[in-house]
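The structure appears below as structure tokens.
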Amino acid sequence: MDQDKLLALFEQIKKGEVSPTEALDQFKNLPFKDLDFVKIDSHRLFRKQLGEVIYSQNKKMKQLITIYNHMKELNQPKIIFTRITPKKAHQLMEMDNQLIYNEKARILYKAEIKVQQPGQIAVVTAGTTDIPVAEEAACIAEIMGNKVKRFFDCGVAGIHRLFGIYDDLVSSNVIVCAAGMEGALPSVVSGLVDVPIIALPTAIGYGANFKGVSALLTMINSCSPGIAVVNIDNGFGAGYMAGIINMRRK
């Protein structure tokens, strides 16, 4: 139940079209539905602008099916599974042909992708191998109703590539920069624009990269102001934060 549906229900109660008992029945699963192995947070949409998102890695197929059926029963306007394998995603899609799988982002969702927020979010990667994590961020931001523009393979090894997208960067409300290896891209971009930067370190690299730790430390230690850093490979967190910032930058 989202805010519009809740207001509509209140109006129906006020007009006598729905009895208090009937309304109570609709509220019985608020604020959460306890399924023993999981408690579905049906109130999160009111608090966070996005309903509960199901992190699917290591969850059993039976658990995912149970969660999906109950979220559907609760009339959740957006159903999102992150880090879900193609095999599990396609099994759920067989149950409902309205589910959409973004294999690159590893996100399965049931939601209308519709731009509802002014302004745009730019998602930039240093390299091609950073794309899956960046795509997770882009997909989440789009599901939240934001316009997203993607710019891939624009790292500091060929810094001139950034100048070709400069106009798009400065006209964005927020920029997500995904980079592995040394993770220098967010610092460079931040030095060029007055736009909030969300630095997204990826585990791309080898040797002294330490599976993304070097990129994370570079981003945290940036001397360029205006950068916030999320955890390694946390595309979901970066996309959500970008969406919240864009909502407030009218």
Q. With segment 184-250 as the region, which helices (runs of 4 or more DSSP H) entirely inside it contain at least 1 residues that are of a type in the set (Phe, Trp, Tyr) and in the same structural domain as Val148 (by TED's automatic domain parsing)?
A. 235-248
Q) So, of the residues in segment 58-73 that are surrounded by 18 or more Cβ atoms within 10 Å (Cβ to Cβ) and at pLDDT below 90, which turns out to be nearest to Glu112 (Cα to Cα)? A) Met71
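Return the residue satisfying two criteria in turn: it lies in segment 10-36 and is within 24 Å of the chain's Cα centre (by Cα) and part of a loop (DSSP other than H, G, I, E, B), and of such residues it is modelled with the highest pLDDT. It would help to see each step written out before you state the result.
Here is the first cut: in segment 10-36, the ones within 24 Å of the chain's Cα centre (by Cα) are 30-33.
Among the residues that remain, those that are also part of a loop (DSSP other than H, G, I, E, B) are: 30-31.
Values: Leu30: 62, Pro31: 68.
Top of the filtered list is Pro31.
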Q.
Just to be sure I understand the filter: pairs with C-beta atoms under 6 Å, separated by 6 or more residues or on different chains, first member in segment 1-13 and farther than 15 Å from Leu50 by Cα, second member modelled with pLDDT of 70 or more and in a helix (DSSP H, G or I). Which pairs pass?
A. Ile13/Ala23
Q. What pairs come up if the first residue lies in segment 84-97 and is closer than 19 Å to Glu136 by Cβ and in the same structural domain as Tyr55 (by TED's automatic domain parsing), the second is part of a loop (DSSP other than H, G, I, E, B) and not aliphatic (A, V, I, L, M), and their beta carbons are under 7 Å apart, counting only those six or more places apart or on different chains?
A. Ile84/Ser56; Ile84/Arg106; Pro86/Glu103; Lys88/Ser56
(Q) Restricting to segment 148-160, give me the number of residues that are at pLDDT below 95 and buried (at least 16 other Cβ atoms within 10 Å of the Cβ). (A) 3
Q: Answer yes or no as to whether Val188 is more than 21 Å from the chain's Cα centre (by Cα), of a type in the set (A, V, I, L, M) and surrounded by 15 or more Cβ atoms within 10 Å (Cβ to Cβ).
A: yes
Q: Can you work out which of the residues in segment 210-250 that are surrounded by 18 or more Cβ atoms within 10 Å (Cβ to Cβ) and of a type in the set (S, T, N, Q) is farthest from Glu135 (Cα to Cα)?
A: Ser222
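The values are calculated or read from the model by the stated rules, or taken from the named source; none is laboratory data. Computed from a predicted structure; not experimentally measured. When we count neighbours, we look across all protein chains shown, and the Cβ atoms used for this are built from the backbone with ideal geometry, even at glycine.
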